[in-house]
Amino acid sequence: MTEAIVLVGAPAVGKSTVGHALARLLGIQFTDVDSLIEQREQRTIPEIFAADGEPGFRAVELEATLAALSSGGVVALGGGAVTNPAVRSALAGHRVVWLRASLQSAVRRVGESTNRPLLTGDVAGQWAKLLAERAHWYAEVATVVVDTDRHTPNQIAHTVISELNLQAAR
């Protein structure tokens, strides 16, 4: 099995942005599972949720996550991927980084995004609820925890490299 560096966390903590920076610094590939799902399905995530519901989306997400993990590199999971026991089990043997952000930072990052079907309406309330429901799963799978508030994606990526004792590409 190829070991991956996996980024997990609530929506809008910076998994995709930090993942790009981290992969660039390490000189390895980056896979954003949400983007992979949209490419494979030829639909947006909100369209998948609308047509298939959350259970349908989670089934597609599991398949895409397993494919991404098997390819190695840096992998950014969707915020809710850890709700699936099969995903949590598949993370064993990988280096998993829980990216954390404050409610204020996450809400600022979400802004007016229409691509987050579980964060419609009361964004702050919905985000806090999702984090409360999922935090124990993030903690369960995490190798390290990195706070993202007041740091640039590049600074966060360097912190991840340091925390995991990795070597940046020359």
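At a glance:
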item: Filter result (touching a strand residue (DSSP E or B) at 6+ places or on another chain (Cβ under 7 Å) and not hydrophobic (A, V, I, L, M, F, W, C)) within the stretch 27-77; result: GLN29, THR31, ASP32, SER71, GLY72, GLY73
item: Helices (runs of 4 or more DSSP H) wholly inside the stretch 43-160 containing at least 1 residues that are modelled with pLDDT of 90 or more and crowded, with 16+ Cβ neighbours inside 10 Å; result: 45-71, 85-90, 123-141
item: Qualifying position, being free of Cβ contacts under 8 Å to residues at least 60 places away in the same chain and either outside any helix (DSSP H, G or I) or in contact with a Pro (Cβ under 9 Å, 6 or more places away or on another chain) (or both), among THR31, THR17; result: THR31
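The values are calculated or read from the model by the stated rules, or taken from the named source; none is laboratory data. Since this is a predicted model, take the numbers as computed values, not measurements. Positions of Cβ are backbone-derived with ideal geometry, glycine not excepted, and every protein chain shown enters the neighbour counts.
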